[in-house]
Amino acid sequence: MLRIPSYPWAEDCFLLNEYSIKQFTHENNLHPLVALTLFLTEQKQTLRDCPRNNDTTIRMLYRIAMNASDTQGSAMSELLNDYNDVCKESAMYLNEVTEAMKKDEFDQELRKRIIERVDEGLKVIQAYSKKHKSGNSKSPEPVTASS
């Protein structure tokens, strides 16, 4: 490890890279800073591919990374599910509106039904938009179609 003085804010400052830790990577138990440097510089996606994958600190670092990755993965999965729900529900309402608009006659009842369908479609979009703007993880209440 390269040790340089750091007067303003610390007694010492350690600069670590793959060359500065090379002499320490063969020890039975890696020093935590050596393990962290090895983890960061090797950038292996799996524990199996990482040198010294039997070291306790290396294993812990991969466990932490895996948990963080799982959390991000489930958040992305939820976002994708919500996106698909918005698309499906909006398409359903808009198809109803399109079919109603194709009819030749627009009586007051048909006009009212078209407006209701458009409003329902907008509610779906607004509910999911609000959910993802606020960071709320609860899914919005399903919108029930009123006939």
>> What is the sum of charges, Lys and Arg at +1 and Asp and Glu at -1, for the other residues whose Cβ falls under 12 Å from the Cβ of LEU79?
In response: -2
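Please label the shape of the range 1-129 as rounded, prolate or oblate, based on the square roots a ≥ b ≥ c of the eigenvalues of the alpha-carbon gyration tensor (a/c under 1.5 means rounded; beyond that, a/b larger than b/c means prolate, else oblate). Before the final figure, lay out the partial values.
On the way: a/c = 6.38, a/b = 3.62, b/c = 1.76.
Prolate is the answer for the range 1-129, as a/c is 1.5 or above and a/b outweighs b/c.
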> Restricting attention to the range 61-129, which GluC sites (Glu not before Pro) occupy a DSSP loop and are surrounded by at most 10 other Cβ atoms within 10 Å?
Replying inline: GLU105
> How about the range 7-45: which GluC sites (Glu not before Pro) there lie in a loop by DSSP and see at most 13 other Cβ atoms within 10 Å?
Replying inline: GLU11, GLU18, GLU27
>> Multiplying the sequence separation of LYS112 and ASN95 by 0.36 nm and subtracting their Cα-Cα distance, what value in nm do you get?
In response: 4.5 nm
> For LYS22 and ILE64, what is the calculated FRET efficiency with R₀ set at 25 Å and r taken between the beta-carbons, to the nearest 0.05?
Replying inline: 0.55
> Simple spin-label model, 7 Å along Cα-to-Cβ: CYS87 to ALA75 in nm?
Replying inline: 2.2
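Taken together, the values in this text are just the output of simple stated rules run on the coordinates, not laboratory data. Just so you know, these numbers come straight off a predicted model, no measurement behind them. Glycine also receives a Cβ, built like all others from the backbone with ideal geometry; neighbour counts cover every protein chain displayed.
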